[in-house]
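What follows is a set of notes on a single structure, which appears directly below.
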Amino acid sequence: MDEVLVLMEGIEKRFPGVHALSQCQFELRAGEVHALVGENGAGKSTLMKVLTGVYKKDAGRIFYKGKEVEIPNPRAAQELGISIIHQELNLMPHLTVAQNIFIGREPRKGIKFILNENEINEKTKELFEMMHLDLDPRIRVSDLTVAKQQMVEIAKALSYNSEVLIMDEPTSALSDAEIEELFRIIRQLRDKGVGIIYISHRMEELKQISDRVTVMRDGRYIDTVRTEEVTIDRIINMMVGREIYETSRANPETNSQDVVLEVKNLNRGREIKDVSFNLKKGEILGFAGLMGAGRTEVARAIFGADPIDSGEIYVKGKKINIKSPGDAVKCGIGYLSEDRKRYGLALGMDVESNIVLANFEKFLGFLGRVNTAKTRAEAQLHVDELSIKTPSLQQKVKYLSGGNQQKVVIGKWLVRDCDILIFDEPTRGIDVGAKSEIYKLLNDLAESGKSIIMISSELPEILRMSHRIIVMCEGRITGELSTAEATQERIMQYATMRE
Amino acid sequence: MNNKVVKTKNEVIQKRSLLRSDSKQKLLTFSSLIVMFIVFSLASPNFATFNNIVGILLSTAVNGVLAVGVTFVIITAGIDLSVGTVMTFASVMTGVFIAFWNLPIIFGILGGLAAGALCGFINGSLIAKMKLPPFIATLGMLMMTKGLSLVISGTKPIYFLETPVFRKISMGTVFGIPNAVLIFFAAAIIANFILTKTVLGRYTYALGSNEEAARLSGINVDAWKIAIYTLGGLFSGLAGVMMASRLNSAQPALGQGYELEAIAAAVIGGTSLSGGEGTILGTVIGAFIMSVLINGLRILSIPQEWQTVIIGAIVIMAVYADIIRRRQR
Ligand SMILES: Nc1ncnc2c1ncn2[C@@H]1O[C@H](COP(=O)(O)OP(=O)(O)OP(=O)(O)O)[C@@H](O)[C@H]1O
Ligand SMILES: [Mg+2]
């Protein structure tokens, strides 16, 4: 086998109240794609942040090409030849694509302080050509979709020409075509001898791309195996250490005829074109489509987060006028954003506050005093129900792992008791165990009479969960399918039905 | 072929976004400046005279330099409340060097600049290293420099009686335009160059846009932050020297209140208090809007108290217009 690039052993890391890594080890060889898997909060990102100098390890040793090294900060990692795409997007929205990619190592000209803007634009263009990515280097990052931003992150990591490349859930925001392209690039790099660490919750990707898999659980190293020698089920078993709940059956169409939400001729700029549909009581309505098809835009418009140009919305037969999210909530509509970091959470506040914050009225006692016993009890209830992994209710949400943050958002909306819930990519970045819990939760909610719109880019998920499926493409609804008719092929056909 | 189509579409988006974010904003503020100018000219014959316009330019010069300096800090999503009193502190130090110690004028100038830069350096260190919130660190600096100016000067103005040349720094003229105005323009051009063409400028935006991302990209965030605050302080120092020269004296009781005008100028010019956005040209226009307004209202004999009320309202309106523009994206 090839040279060992990275060897980590005996790694320890504690955060206040959390033993994030205990006696963790990891080995990466040149020319391999090494997948790192584990449940939410298993410590994958933490281990990688130790390797890239974001966190200081409490104990343990790191060897790079056989030599022991200290990596005190991100720059040190870069200089060794280790680059990383972090799980959360880390771009500067006000800067251009090229400026983001070359931040921290801008080519200079003349005296050492003057930037060479042409050069970074040229270099970025070359990079994008290599990646078959059609994007103008001079465009501002804030004008890009999440998927394109993710591609920029990938381009940035590639531009370091590192020997070790770490990708922490790079595909969670990408469309299938973009994932294909990413895999092509990964294989190309692997063949050149680059060592790649690949973190993902999409189990089917492991077989496609990885050579070896390392499994972590609760901050501990479990095992490293060759991908071809194990089954996915075996890996999942190692990850969760128990059997998990699977709903393989598709939901039959509901016989409910009660329309709770009706949207008529919704229009907004180029994003939403003449969208009409209805949602029945107790139904899970899947919204499928490629990234940027306009699904999120429709959801935001219904929720009052963005203004609409024209269109009518009826809730339980009554025409309503939603001008703000506050109005929507009053009408019993809840929305779980796909971008939880930006819209869904107060990252600096604790778990309890985040869960109860949006419905304080419910907990107000005499003279507006907050009934803390009640908020605590309610928060604890949802933390247990969703099995949110947190040392206490007082932990700040920003210190939770990505998947657990998502669960907090869900908990927040459960408290509200909305009749209509719009879930936008509810399982993005969530591990298999938690995913099945969320599926079960959605089913339970629907059975209890709530109506759910589920936007998802993962076709298996849409197919498994929905009673009915609406497919969008470029802002229009291009098809509606019952579960009986729906197949991946048919959905894709509608999803690519461009004008 | 297909490729080409997509490309042009991209270019369209890009052009639009450029127009959207930058030019449109500047066009808007610039046209409000012109409109104000026209209105005041029509309202009073005394407004659009050469002398009055020179007066406006002169009164913009010092405030403008302060506003340019504070623009850097605001773009990093920080704030500097100490620019006004640091300016005064720099004037007093210039006075100490020239009038008390009888050093050559050039030392007085350098001393004033250095005093400003030092204050900025301390601000930056408090914020970056000791993690004080910018609001608090610079508020402390405001009070300290205010007190120190009084202590050092013995609460009396320091006059530059022995060195008549000193006054020329601000009040000498080229074709009737006071030097202070030319210094202001030169400072703005240099600041614009720093902000758009150098590493320091790039990191100024980067810090304001997403500090964590900058850190993870290997940028030494603390060091650059200190550098940016120091640069801001340097501009305050320059303003201090200009002020001392213009008044031919260092006035230790002056200074407080200037910081708010400087911040207002930057904000009117489109600098976002949440960071990542702002330009020097915008700030310069903002500074002119402030002084045209003050001057125009005075010429219309609107009482001082009401002037303040009106300016306050204008600042609110300007920022609200900016918020609306952003929302429309
Ligand atoms: N800065 C921090 N402060 C406190 N606790 C933290 C911090 N970062 C991570 N943790 C905790 O450490 C544990 C490991 O988190 P980590 O982000 O590494 O998980 P992960 O395996 O990447 O999960 P996910 O799949 O959800 O991204 C979690 O319990 C998390 O709450
Ligand atoms: Mg993670």
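Of all residues in region A:27-49, those that are within 14 Å of chain B (Cβ to nearest Cβ) have Cβ atoms under 8 Å from Cβ atoms of residues that are more than 9 Å from ligand 2 (Cβ to nearest atom) and part of a strand (DSSP E or B), 6 or more apart or on another chain, in A:48/A:36; A:48/A:84; A:48/A:166; A:48/A:197. Quick one: in region B:190-203, which of the residues that are within 8 Å of chain A (Cβ to nearest Cβ) and open to solvent by 20 Å² or more (accessible area, probe 1.4 Å) is nearest to residue B:272 (Cα to Cα)? If we take residues in region B:190-203 being within 8 Å of chain A (Cβ to nearest Cβ) and open to solvent by 20 Å² or more (accessible area, probe 1.4 Å), then B:200 is nearest to residue B:272 (Cα to Cα). Taking the criterion of being closer than 29 Å to residue B:200 by Cβ and crowded, with 19+ Cβ neighbours inside 10 Å, would at least one residue in region A:178-199 satisfy it? No, that holds for no residue. Quick check on my filter: what residues within region A:401-435 are part of a helix (DSSP H, G or I), more than 12 Å from ligand 1 (Cβ to nearest atom) and in contact (Cβ under 8 Å) with a residue 60 or more places away in the chain? Hits for region A:401-435 are A:409, A:410, A:412, A:413, A:415, A:416.
I'd like to know if region B:292-301 contains one or more residues that are over 19 Å from the mean Cα position of the chain (by Cα) and free of Cβ contacts under 8 Å to residues at least 12 places away in the same chain.
yes
Name every residue in region A:106-123 that is of a type in the set (Val, Ile, Thr) and open to solvent by 60 Å² or more (accessible area, probe 1.4 Å), in order of residue number. A:111, the sole residue that qualifies. Among the residues of region A:171-187, those that are polar (S, T, N, Q) and either out of contact with any Leu (no Cβ under 6 Å at 6 or more places or on another chain) or within 11 Å of chain B (Cβ to nearest Cβ) (or both) comprise A:171, A:172. From the list B:269, B:276, B:282, the lone residue that is more than 26 Å from residue B:52 (Cα to Cα) and open to solvent by less than 10 Å² (accessible area, probe 1.4 Å) is B:276.
Can you confirm whether residue A:168 is within 14 Å of chain B (Cβ to nearest Cβ), open to solvent by 40 Å² or more (accessible area, probe 1.4 Å) and in contact with a helix residue (DSSP H, G or I) (Cβ under 9 Å, 6 or more places away or on another chain)? No; evaluated as a whole, the condition is false for this residue.
Based on what the data block shows, is residue A:88 among the charged types (D, E, K, R), open to solvent by 30 Å² or more (accessible area, probe 1.4 Å) and in contact with a Lys or Arg (Cβ under 7 Å, 6 or more places away or on another chain)? In short, yes. Highlighted here are the helices (runs of 4 or more DSSP H) found entirely within region A:13-119 that include at least 3 residues which are more than 16 Å from ligand 1 (Cβ to nearest atom): A:74-80, A:97-101.
Evaluation of residue A:4 against the conditions (1) within 16 Å of ligand 2 (Cβ to nearest atom); (2) open to solvent by 10 Å² or more (accessible area, probe 1.4 Å); (3) away from every other protein chain (no Cβ under 14 Å); (4) of a type in the set (A, V, I, L, M) shows that the sole unmet condition is (1).
Within region A:38-59, which residues are open to solvent by 30 Å² or more (accessible area, probe 1.4 Å) and more than 13 Å from ligand 2 (Cβ to nearest atom)? Across region A:38-59, the qualifying residues are A:56, A:57, A:58, A:59. Scanning region A:454-486 for residues that are in contact with an Asp or Glu (Cβ under 8 Å, 6 or more places away or on another chain), surrounded by fewer than 20 Cβ atoms within 10 Å (Cβ to Cβ) and in a strand (DSSP E or B) yields A:476, A:482. Among the residues of region A:124-134, just one is out of contact with any Leu (no Cβ under 8 Å at 6 or more places or on another chain) and crowded, with 20+ Cβ neighbours inside 10 Å, namely A:124. Considering region A:396-438, the residues that are over 27 Å from residue A:294 (Cα atoms) and more than 16 Å from ligand 2 (Cβ to nearest atom) include one that is most open to solvent (accessible area, probe 1.4 Å), namely A:396. Taken across region A:213-226, residues that are outside the structural domain of residue A:431 (by TED's automatic domain parsing), exposed (fewer than 15 other Cβ atoms within 10 Å of the Cβ) and of a type in the set (D, E, K, R) do occur, with at least one present. Every condition in (1) of a type in the set (Asp, Glu); (2) in contact with a strand residue (DSSP E or B) (Cβ under 8 Å, 6 or more places away or on another chain); (3) within 10 Å of another protein chain (Cβ to nearest Cβ) holds for residue A:136 except the one numbered (2). Here A:82, A:103, A:62 are screened, and the one residue that is open to solvent by less than 10 Å² (accessible area, probe 1.4 Å) and either more than 13 Å from chain B (Cβ to nearest Cβ) or within 16 Å of ligand 2 (Cβ to nearest atom) (or both) is A:62. Pull out all pairs, ordered by first then second residue, where Cβ-Cβ is under 7 Å, the residues are six or more apart or on different chains, the first lies in region A:481-494 and is over 18 Å from residue A:277 (Cα atoms), and the second is open to solvent by less than 30 Å² (accessible area, probe 1.4 Å) and assigned to a helix (DSSP H, G or I). So the pair list comes out as A:488/A:459.
Quick one: is residue A:450 open to solvent by 10 Å² or more (accessible area, probe 1.4 Å), in contact with a helix residue (DSSP H, G or I) (Cβ under 8 Å, 6 or more places away or on another chain) and either more than 16 Å from ligand 1 (Cβ to nearest atom) or not assigned by TED's automatic domain parsing to the domain that holds residue A:277 (or both)?
no
Residues of region B:141-164 that are surrounded by fewer than 16 Cβ atoms within 10 Å (Cβ to Cβ), at pLDDT 95 or above and of a type in the set (Gly, Ala, Ser): B:147 alone.
In region B:204-235, what residues are open to solvent by 10 Å² or more (accessible area, probe 1.4 Å), more than 7 Å from every other protein chain (Cβ to nearest Cβ) and among the aromatic types (Phe, Trp, Tyr)? The answer is B:224, B:235. Among residues that are away from ligand 1 (no atom under 11 Å from the Cβ), among the acidic types (Asp, Glu), more than 14 Å from every other protein chain (Cβ to nearest Cβ) and crowded, with 20+ Cβ neighbours inside 10 Å, residue A:352 is included.
The values are calculated or read from the model by the stated rules, or taken from the named source; none is laboratory data. Only a predicted model underlies this, so the values are computations on that prediction, with no experimental measurement involved. Note that each Cβ is placed from the backbone with ideal geometry, even for glycine, and that neighbours are counted across all protein chains shown. To get the accessible areas, we keep the full protein, side chains included, count just its heavy atoms, and leave off ligands, DNA and RNA. Shrake-Rupley method; radii C 1.70, N 1.55, O 1.52, S 1.80 Å.
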